[in-house]
Amino acid sequence: MAKKERKINPEDDLGFGPQPVIKNQPLMNKDGSPNVRRVGLSFFSTANNYHTLITMSWAKFWVVILSGYLVVNIVFAFIYTALGPGTLDGTESHTWFGHFMDAFFFSAQTMSTVGYGHISPKGMTANSVAAFESMLGLLAFALATGLLYGRFSRPSAQIIYSKNILIAPYAPTGKAVMLRLANHRRNMLIDLEIEIVFSYNEVVDGKTVRRFYPLELERRKVSVLTLNWTVVHPLDENSPLSDMTKQDLIDSEAGFAILLRAFDDTFSQTVHSRTQYQAHEIIWGAKFTPVFNRDEDGRIALDLSKISDHEPFALEDETVKAKG
């Protein structure tokens, strides 16, 4: 793959430096997070606990909350049971398991400060344990409330990207690299700005390094994202993709990092969205099909399920005519 010498700007490397991509491991994941595994941290390190609880999926979050709730109540149930059957007034069970279940539900009532009054602690030891659990419950529910608020109030951009990048027909240059995106939410995003960074492996003096080049776009900014946005990189003589074929991109483990910034009118804050495409996700000779039509009242209907829909379209040739 012959490439002309290009000026390397160290500010374009996205913070990864010249580290090459190996075994098709992208530098950035689809969700925009860096594909970097951190090691060397202490097992008891708490530096990332809050960030993890705020950013994990809702399913995992509820599993953590419910698991913690069950574990704490089971521990206190064992403590009440170990103190003996006479430590809880109002229990009617005569078996160890029955007493344990009474202690478990008493623990749940104490932690939530509900206190139905059917079962109550008896003696200094049991009352001390119940008082400590009540305080712990107040702190735990305050913490859970803060985490819920943080998850709901954290500004984020829900952007839907097309599954593939297309090499599509484009009138001025004959062809262009295209991807499509839309806002998944009904909120208003204004002053959007997008950047596409193209990267590939290159052998320099017998050593494989990673090269990064920001791509020139037909339109880098839009004022308001009301429908979909097809982002276009024309394949002209100034493109770093020049005489590269599909196989060239695959062999060099090429990738496209998508960086989007916008102002969220709901939160009055700037939000970001990132994603990554790899060479095998490029479709040669295709164009996107429309994703909106008109309803009976003439109103525009945007079908987000069709954001990735495309159809084959013959190009003038099978190579990407652009510079390397």
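Matching residues to (1) out of contact with any helix residue (DSSP H, G or I) (no Cβ under 9 Å at 6 or more places or on another chain); (2) aliphatic (A, V, I, L, M):
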position: Ile159; (1), (2): yes, yes
position: Lys163; (1), (2): no, no
position: Leu166; (1), (2): yes, yes
position: Gly174; (1), (2): yes, no
position: Asp205; (1), (2): yes, no
position: Arg210; (1), (2): yes, no
position: Leu215; (1), (2): yes, yes
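Those residues that are over 14 Å from Ile74 (Cβ atoms), touching a residue at least 12 places away in the same chain (Cβ under 8 Å) and surrounded by 13 or more Cβ atoms within 10 Å (Cβ to Cβ), I need them from segment 100-126; list them, please.
The answer is Ser112, His118, Ile119, Ser120, Pro121, Lys122, Gly123, Thr125, Ala126.
Would you please name the residue that is surrounded by the most Cβ atoms within 10 Å (Cβ to Cβ), looking only at residues in segment 186-215 that are farther than 21 Å from Gly32 by Cα and among the acidic types (Asp, Glu)?
Glu202
Could you go through segment 187-199 and let me know if any residue there is touching a residue at least 24 places away in the same chain (Cβ under 8 Å) and part of a loop (DSSP other than H, G, I, E, B).
Yes.
Would you confirm whether any residue within segment 159-179 is charged (D, E, K, R) and without any contact (Cβ under 8 Å) to a residue 12 or more places away in the chain?
No, the conditions are met nowhere in segment 159-179.
Could you check Ile250 against (1) closer than 17 Å to Leu192 by Cα; (2) outside any loop (DSSP other than H, G, I, E, B) and say which number it fails?
(1)
Going by what's in this entry, would Leu235 be described as over 25 Å from the mean Cα position of the chain (by Cα), crowded, with 18+ Cβ neighbours inside 10 Å and touching a residue at least 24 places away in the same chain (Cβ under 8 Å)?
The answer is yes for Leu235.
Checking the condition out of contact with any helix residue (DSSP H, G or I) (no Cβ under 9 Å at 6 or more places or on another chain), in the same structural domain as Ser134 (by TED's automatic domain parsing) and of a type in the set (A, V, I, L, M), which residue from Ala82, Ala108 passes?
Within the list Ala82, Ala108, the selection yields Ala82.
Report, by residue number, each residue of segment 256-306 that is in a strand (DSSP E or B), under 18 Å from Ala182 (Cβ atoms) and among the aliphatic types (A, V, I, L, M).
Ile258, Leu259, Leu260, Ala262, Val271, Ile300, Ala301, Leu302
Ser242 fails exactly one of the following numbered conditions: (1) modelled with pLDDT of 90 or more; (2) buried (at least 19 other Cβ atoms within 10 Å of the Cβ); (3) closer than 30 Å to Pro312 by Cβ; (4) not aromatic (Phe, Trp, Tyr). What is the number of that condition?
Among (1) modelled with pLDDT of 90 or more; (2) buried (at least 19 other Cβ atoms within 10 Å of the Cβ); (3) closer than 30 Å to Pro312 by Cβ; (4) not aromatic (Phe, Trp, Tyr), Ser242 violates only (1).
Condition check ((1) closer than 29 Å to Ile22 by Cα; (2) of a type in the set (Phe, Trp, Tyr)) across all residues:
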residue: Tyr161; (1), (2): yes, yes
residue: Met188; (1), (2): no, no
residue: Val203; (1), (2): yes, no
residue: Arg220; (1), (2): no, no
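How many residues, within segment 259-312, are in contact with a strand residue (DSSP E or B) (Cβ under 9 Å, 6 or more places away or on another chain) and either closer than 22 Å to Phe212 by Cα or surrounded by 14 or more Cβ atoms within 10 Å (Cβ to Cβ) (or both)?
Total meeting the criteria: 30.
The values are calculated or read from the model by the stated rules, or taken from the named source; none is laboratory data. Small disclaimer: the values here were computed from a predicted structure and weren't measured. Note that we place each Cβ from the backbone using ideal geometry, even for glycine, and neighbour counts take in every protein chain shown.
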